[in-house]
Each structure stands twice: as C-alpha cells, then as structure tokens.
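The values are calculated or read from the model by the stated rules, or taken from the named source; none is laboratory data. Note that the coordinates shown come from a computational prediction; the quantities given were computed from them, not determined experimentally. Quick reminder, even Gly has a Cβ in these numbers, built from the backbone with ideal geometry, and neighbours come from all protein chains shown. Protein only, heavy atoms only, side chains kept; ligands, DNA and RNA dropped before computing areas. Shrake-Rupley method; radii C 1.70, N 1.55, O 1.52, S 1.80 Å.
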Amino acid sequence: MSTVAESQVESIVKPGKVSIYQPDQEGLIFPEMPTFKTAAEHRQYLKEHLVAACRAFALQGFDYGFAGHLTVRDPENPGLYWTNPMAVHFAQVKVSNLICADHTGTVVEGEYAINRAGFVLHAAVHEQHPDIVAMCHAHTVYGTAFAALGKPLAPISQDAAAFFEDHVVIGDEAGRVAVEVKGGNKVANAFAGAKAAIHQNHGLLTASRHSIDSAAFWFIALERCCQQQLMIEATGATPKEVAPDRARYSREHVGSDYIGWLHFQTIWNDLIATQPDMLD
Ligand SMILES: [Zn+2]
C-alpha cells in the first residue's frame, strides 16, 4: 500500500516552475504571483499579505496577548522589515498600523512600538540568511505543547512529511525570553536549509525564501501537525510512519515555498471577501 499519494503528485512539476497542478488547464482561473513595476507596488503587496497572515493567525486562535510576530523584508531596503505593531491583536492589524524596523529593532516607520524581545529573533534570522524574506512566530497551544517534548515531528502523514528533514528542534537556551542576541543567533543557525523550527519550551517558528504567504501557511500547517501527533501519541498507539524516501519525495513535491504560497491564496481570497478593512 502506498502511504503517499504518489499518483497525485506525479503531475507536479519541480519546485521553481509556476505551472504546478496546472497542466492542461490553460485559460482557467489559477492563482498567480503578480509582477510589480515599482518597489512601491511590491511593498504594498507585501504589506497587504502580511496583514492577511496576521488576520489568518487570529482566525486560527494563534493570539496570546502581545506575543507573536510576523515579518517581511522590505523589497527595496533589505535591511528593513515590516512587522505587526506591539500589543495590537492579530485581528486588528491593518495596512495602516504596520511598522517598519531595522535589524536592531528600531522603528523607522509607523506609529506603534515594536515587540523588541520577539523581533530580535527574527532580525537575527533575517540578517544571517539574506534569502529569507519572511518569518512567523506565535505562542500556539499545540506547537508550544509539542515543543516541550524537545523532539522533531514524525512523518506520520503526507502533511507532516512536508516538514521531513526540513525543520529543526532548538533545545538550547530554551524557555528564556529571547532578548539576548546570543539566543537569536542560535535560532538563526537553525534556519540553515530549513523552513521551520521547534523552539523547545517556547513555540514554533517558520521562515520563507519566497513570501509571507508561504511562511504563514507553513506555520498553520506545522501547528496542525503538532496537534495531530499529540492526538495520536495520546492514544498510546504507535503510528505508522511514512518511509524516509517517500517522506522526502512528499516534501520535495508538496512541501515547497511555492506550495505554501499556493495554499495561502485560499485564505487570502476568503479574507479579502470577509475582512476588507484589513486593507485600510
Ligand atoms: Zn515567543
């Protein structure tokens, strides 16, 4: 019996091409990444999608007071990052209250303060990895619970296989508020060649080399995978795992940044229809 839906992914082209899931469907509606004539246009797009990611986190119940932060690298000034304002609920984030900060956590645009303790983690990752354009972090119920185990996710489903050998567990400096640069550097090191991290006794982090859409979707997916593994382990039964070669195959085909972006477009379209004030 095939654990992974190989037939489903046979038609998928390799990451980097845009026509995934799209062969022989020319002329039909399919999400496409827009192109931009100016940096200002690009920035506006990134800010709108950053807000959508925050609103999606609110819908998922990922809020915990002022904890949690999402960042997007500015398209024109790569040393600057757009992020959600301090002490504003994810559901209340909108384009006009976003803030922009440099890697030291100094706000250079916007009216609100920044969550400096949290931002330092993101800044360290962004600085060490110029290719990482977006990051997400929140103190979620299942992700934080799973993080206490100090172990990686098992490839117990096709969805979980998307993270196979593509996430790390950060055990050191665990449970401390990450205000020190040293702590930020340890997190940054973890993101070499990975899209997600489980910070022991703290919570989940995701990063994307593609888009905030992708970072946000993979965060939602990671939280779900943590929930599912905890549920299975609570039964006391030992789950069947996807074999390593099949888990790698799944990850390559359904775990890419582009696939994360594509998944997120369903959320974007729903939010545009139901929460148009996010663009204010
Ligand atoms: Zn945190």
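Observations, loosely collected:
- Think of the stretch 35-267 as a dipole: +1 on every Lys or Arg Cβ, -1 on every Asp or Glu Cβ, centred on the Cα centre; then among 160, 187, 79, 160 lies furthest on the positive end.
- Rounded if a/c under 1.5, otherwise prolate or oblate - the chain, Cα gyration tensor axes: oblate
- Heavy-atom accessible surface of the chain: percent carbon and sulfur, 1.4 Å: 54
- Only DSSP H runs of four or more residues enter the estimate; each adds -39500 (n - 2.57), and after division by the residues of the chain the mean residue ellipticity at 222 nm equals -12500 deg cm²/dmol.
- Listed by number, the DSSP H helices of the chain that run 20 Å or longer by alpha-carbon position along their axis and have mean Kyte hydropathy of at least -0.5 are 39-59, 212-234, 257-274.
- Accessible area expressed per residue, the stretch 35-267, with surrounding protein chains retained (probe 1.4 Å, Å²): 41
- The dipole here belongs to the chain: it is taken about the Cα centre, uses +1 on the Cβ of Lys and Arg and -1 on the Cβ of Asp and Glu, and is about 480 debye.
- Lys, Arg +1 and Asp, Glu -1 on Cβ, resulting dipole of the stretch 49-143 about Cα centre, debye, nearest 20: 300
- Heavy-atom SASA rank of 242, 141, 120 (probe 1.4 Å, accessible area, largest first): 141, 120, 242
- Local net charge near residue 90, Cβ-Cβ under 9 Å (Lys/Arg +1, Asp/Glu -1): 0
- In terms of distances greater than 31 angstrom between alpha carbons, the cross-link table entries 94/151; 47/195; 186/240; 47/151 yield 94/151; 186/240; 47/151.
- Projecting the Cα atoms of 239, 57, 70 onto the dipole axis of the chain, where Lys and Arg carry +1 and Asp and Glu carry -1 at the beta carbon, places 239 farthest toward the positive end.
- Backbone N within the stretch 106-144 under 12 Å of label point (7 Å from residue 87 Cα along the Cβ vector): 112-115
- Longest exposed-site-free window of the chain, the sites being chymotrypsin sites (Phe, Trp or Tyr not before Pro) in a DSSP loop that have at most 16 other C-beta atoms within 10 Å: 113-280
- Here each label is just a point 7 Å from Cα along the line to Cβ, and for residue 237 and residue 59 those points are 3.2 nm apart.
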